[in-house]
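Asker: Here it is: the structure, laid out below.
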Amino acid sequence: MSEGFDVVVVGSVNADLVVGVERRPAPGETVLGSDLAVHPGGVGGNQAAAAARLGGRVGILARVGDDGHGEFLRGALADAGVRLDHLLVTPGPSGVALITVGPDGDNSIIVSPGANARLGPDDVAAARGMISSAAVVSLQLETPVPTVLAAARAAADAGARVVLNLSPPAPVPDELLALCDPLVVNEHEAAFLLGRGGGERLEAPSAMAGALLERGPRSVVITLGGDGALTADASGAVTVVAAPKVEVVDTTGAGDAFTAALCLRLARGDALDEAAHYAVRVGAAAVGKPGAQSSYPRAEDELPL
């Protein structure tokens, strides 16, 4: 392709089926919720849409089904400004996320992978031209790990910066971690990768960042929700980035907005801590509106301070 990309996302595209609840049901219990809302989502789709809405040149490698959800998702990504040359169609259902949102804006999510599970290393090979034209390649774990590793290798071979968001948490090979610059995790994902049982924070984020660096990534970003984020690199430099204080409406997809903004600023030459300062503001903007992609700011929007 004649024009390069700021960010190429290799990942999942889902239809988010969202219901608001006053409280989540206990096992065997039924509760009433709000009307069902359907939003475009998926960790990969969200990141691509967020980066494009912020003015980035963005491409995506993903699969959708040949169902109504697939058509809906293709249209949403096109509307956001994402290049769809490698958004592939698979016979069968698209990926779907079942999301409940509580009154505090926090969410619980169950993902049915659908077509996302069929994104393979051969698809990566076919998209090598797009991947090699990217400044940053963003990866997540809602697609098969062999595919993620193939994309990381292709990106690294082309000199692109590899960003891996360990979402949802899953075991990954050391080779993949060694290509990450940065590895992006929240506290639960960090605890999982470090083998801290139960996914609970058992130590300070700065200590967790140091332990994560020992696993091999070139740099680490730990997202801290309303408390912002922490960055660390192999030099030992640790930076805590505070987040703006905003009213929380819906946290769905806010982490994806953060990662997308981080990738875009890294693609444009920002240092890691500078990129994280911008990313926490984009993430704060995203929690102030319902939904995922519909909540993401555009380049001309004023961000929270």
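Asker: For the structure I just gave you, tell me whether residue 92 is touching a Ser or Thr at 6+ places or on another chain (Cβ under 7 Å), modelled with pLDDT of 95 or more and over 22 Å from residue 260 (Cα atoms). Before you say what the answer is, go through the steps one by one.
Answerer: Numbers: touching a Ser or Thr at 6+ places or on another chain (Cβ under 7 Å): no; modelled with pLDDT of 95 or more: yes; over 22 Å from residue 260 (Cα atoms): yes.
For residue 92, the condition - touching a Ser or Thr at 6+ places or on another chain (Cβ under 7 Å), modelled with pLDDT of 95 or more and over 22 Å from residue 260 (Cα atoms) - is not met.
Asker: Does residue 224 count as farther than 17 Å from residue 51 by Cβ, surrounded by fewer than 19 Cβ atoms within 10 Å (Cβ to Cβ) and either within 16 Å of the chain's Cα centre (by Cα) or at pLDDT 95 or above (or both)?
Answerer: Details: farther than 17 Å from residue 51 by Cβ: yes; surrounded by fewer than 19 Cβ atoms within 10 Å (Cβ to Cβ): yes; either within 16 Å of the chain's Cα centre (by Cα) or at pLDDT 95 or above (or both): yes.
Spelling it out, residue 224 is indeed farther than 17 Å from residue 51 by Cβ, surrounded by fewer than 19 Cβ atoms within 10 Å (Cβ to Cβ) and either within 16 Å of the chain's Cα centre (by Cα) or at pLDDT 95 or above (or both).
Asker: Kindly provide the set of residues from segment 39-73 that are within 13 Å of the chain's Cα centre (by Cα) and not aliphatic (A, V, I, L, M), ordered by number. Quick ask: steps written out before the conclusion?
Answerer: Step one: filter segment 39-73 for residues within 13 Å of the chain's Cα centre (by Cα), giving 41-51, 60.
Of everything in segment 39-73, those that are within 13 Å of the chain's Cα centre (by Cα) and not aliphatic (A, V, I, L, M) turn out to be 41, 42, 44, 45, 46, 47.
Asker: Does any residue in segment 132-159 that is surrounded by 24 or more Cβ atoms within 10 Å (Cβ to Cβ) come within less than 7 Å, Cβ to Cβ, of a residue that is of a type in the set (Phe, Trp, Tyr) six or more places away or on a different chain, and which pairs are these?
Answerer: 134/5
Asker: Six or more apart or on different chains, Cβ atoms under 6 Å: show the pairs whose first residue is in segment 238-253 and in contact (Cβ under 8 Å) with a residue 60 or more places away in the chain and whose second is assigned to a loop (DSSP other than H, G, I, E, B) and among the small types (Gly, Ala, Ser).
Answerer: 248/105; 249/105; 249/288; 250/105; 251/105; 252/292; 253/292
Asker: Still on this structure: Take segment 276-305 and flag every residue that is farther than 17 Å from residue 245 by Cα, at pLDDT 95 or above and of a type in the set (A, V, I, L, M).
Answerer: 299, the sole residue that qualifies.
Asker: Report yes if some residue within segment 238-247 is in a helix (DSSP H, G or I) and surrounded by 15 or more Cβ atoms within 10 Å (Cβ to Cβ); otherwise report no.
Answerer: Going through segment 238-247, the residues in a helix (DSSP H, G or I) turn out to be none.
Looking for residues that are in a helix (DSSP H, G or I) and surrounded by 15 or more Cβ atoms within 10 Å (Cβ to Cβ), one finds none in segment 238-247, hence no.
Asker: Write out, first by first residue and then by second, each pair whose Cβ atoms fall under 6 Å of each other, whose residues are 6+ apart or on separate chains, and whose first residue, in segment 290-305, is closer than 16 Å to residue 105 by Cα while the second is surrounded by fewer than 22 Cβ atoms within 10 Å (Cβ to Cβ).
Answerer: Final answer for the pair search is 290/249; 295/289.
Asker: In segment 248-303, what residues are over 24 Å from residue 162 (Cα atoms), under 15 Å from the mean Cα position of the chain (by Cα), in a loop (DSSP other than H, G, I, E, B) and among the small types (Gly, Ala, Ser)?
Answerer: Passing the criteria: only 291.
Asker: Which of the following residues is buried (at least 21 other Cβ atoms within 10 Å of the Cβ), at pLDDT 95 or above and within 27 Å of residue 108 (Cα to Cα): 176, 164? First the steps, then the outcome.
Answerer: Details: 176 fails: within 27 Å of residue 108 (Cα to Cα).
Selected residue: 164, the only one of 176, 164 that is buried (at least 21 other Cβ atoms within 10 Å of the Cβ), at pLDDT 95 or above and within 27 Å of residue 108 (Cα to Cα).
Asker: Filter segment 243-286 down to the residues that are touching a Phe, Trp or Tyr at 6+ places or on another chain (Cβ under 8 Å) and at positive phi and list them by number.
Answerer: 253
The values are calculated or read from the model by the stated rules, or taken from the named source; none is laboratory data. Everything quoted here is computed from the prediction, not taken from an experiment. Methodologically, a virtual Cβ is constructed for each residue, glycine included, from the backbone with ideal geometry; neighbour enumeration extends over all protein chains shown.
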